[in-house]
Amino acid sequence: MSVALSETRAPGLPVPAAAARPRRDGWRTYLVVAAMLAPICVPSGPGQTAVIDVLNLFAIVAFALFVAFPGREPLRAPLLAPVALVAVGSLIASLWAPSMGQAALALVQDAYLYAWFLVVVNLVRTPRDLRAVRVAWVCTAVAVALLASRGVRPAATLYNPNMLADYLVMSIFVALSLLAEVRPLPLALAIGTLGLGLLCTKSNGGMIAFAAGAMTWCAVAVATGPPRRHGRVLATAAIVVSLVGLFGWLNLEWGMGDGALQALKEHTFVGRMEHSSQSRLRIWDQLERTYARSPLGIGPGNSGEFTLSIAERERPDSYRSKEAHSDYLAYAIERGPLGVAGLLILTVTAFLHVLGYWRSARQHGGRPSPRTAWWTTAMAAALAASAVHSTVIEKLHFRHFWLFLALVCGSSLMASERAVSSAREAA
């Protein structure tokens with residue numbers, strides 16, 4: 001019987017081993033647990049370590065011993081070139097670091113996050129893996145958003161409100177990627193809860209990033225969807241713009257909604273925008289002067305290690321400088337020109353992976369399914385939001401960012417492999 005089955009199998013396709021399914025299910029369970037633990041950052045340990053880091057270290061070792069080194073599956077290593085470029089720039093900049101300890105800690109964090117990224121990229125091998133991680137992500141994000149309803153500027157289970165806002169923005173687009181896979185009512189409730197949680201953070205950067213992601217989402221949804229979707233998206237956008245314009249005109253002419261606008265300014269991110277912008281401008285001005293003195297970088301993690309004069313003081317109770325509050329500025333100042341070049345290449349490459357996923361999906365089976373289209377749209381929107389948010393926040397050590405990046409690259413490589421396999425079968 002086994003001989004007959006093997007003879008009817010297409011040439012070149014391996015017969016799966018009996019132990020393959022349990023091993024795959026075990027790694028899928030790990031991916032689900034990792035998605036659930038990614039936003040659980042408190043209580044934190046030394047060096048802002050969290051519970052997930054312990055699990056990930058075991059996973060990295062297990063992956064190296066039982067998957068990578070035995071060569072059971074081809075090893076994927078996306079983004080290796082830009083990450084290596086960042087590492088070289090960081091090592092050069094560390095020669096001028098005020099604190100070698102901070103530089104070493106940042107480099108260890110870089111290595112750990114990229115190693116974890118490689119593990120996830122290599123474990124996401126099937127659409128079932130991808131769906132399981134996204135569902136777990138959204139369920140956990142809803143629980144975190146409910147915790148965010150408490151307090152003036154809640155951080156929930158993350159380190160601060162801005163980090164929470166970044167996580168919730170990304171979670172909204174992950175939820176939208178399930179439009180063709182989850183029932184509409186629970187999905188709508190989940191997205192609404194995530195949106196309210198985002199408002200509670202009062203994060204200026206988070207709201208601006210969400211706006212950028214939403215515009216990208218609309219544009220890509222039109223580009224990847226069937227023709228009938230074009231009219232729906234454009235009509236919805238026109239209605240929203242018209243309503244906002246009508247409300248603005250009524251407010252200017254007759255003062256309608258003045259009370260609501262004042263409450264919005266006092267109790268949400270709008271009221272913080274002016275103060276937050278001035279604070280960041282002072283920080284960036286100081287760091288620009290520091291960069292002029294050390295154009296090759298001051299060492300990763302060292303932007304907050306300088307002692308300032310009384311006139312330049314940024315903290316009410318300390319003479320130490322503040323962090324850069326911008327990935328692009330931080331990489332330029334801390335890691336030098338090679339570091340910021342690596343960051344920009346990494347960002348562009350991530351978008352190219354989204355494009356590669358869509359093209360491979362089209363090659364695999366003609367017109368991609370709605371599930372593929374919505375995931376493509378969500379990936380592009382979340383990456384656009386992330387790129388914008390990086391202008392006002394340092395997020396490249398956020399675990400949820402690297403998890404999402406791994407899903408993007410894993411999806412792209414999975415689609416490419418499936419397209420190549422289909423082409424071989426057709427030949």
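Values as computed for the structure displayed
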| item | result |
| --- | --- |
| Spans of helices (runs of 4 or more DSSP H) in the stretch 1-113 with at least 3 residues at pLDDT 85 or above and over 29 Å from V348 (Cα atoms) | 20-37, 51-63 |
| Checking S149 against (1) touching a helix residue (DSSP H, G or I) at 6+ places or on another chain (Cβ under 7 Å); (2) surrounded by 18 or more Cβ atoms within 10 Å (Cβ to Cβ), the condition it does not meet | (2) |
| Unique match (being among the small types (G, A, S) and either open to solvent by 10 Å² or more (accessible area, probe 1.4 Å) or under 23 Å from L80 (Cα atoms) (or both)) among A378, A373, A382 | A382 |
| Options L164, L187; residue that is in a helix (DSSP H, G or I) and surrounded by fewer than 18 Cβ atoms within 10 Å (Cβ to Cβ) | L187 |
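The values are calculated or read from the model by the stated rules, or taken from the named source; none is laboratory data. Small disclaimer: the values here were computed from a predicted structure and weren't measured. Heads up, the Cβs are rebuilt from the backbone with ideal geometry, glycines too, and the neighbour counts pull from every protein chain shown. Quick note on the areas: whole protein, heavy atoms, side chains included, nothing else; ligands and nucleic acids left out. Shrake-Rupley method; radii C 1.70, N 1.55, O 1.52, S 1.80 Å.
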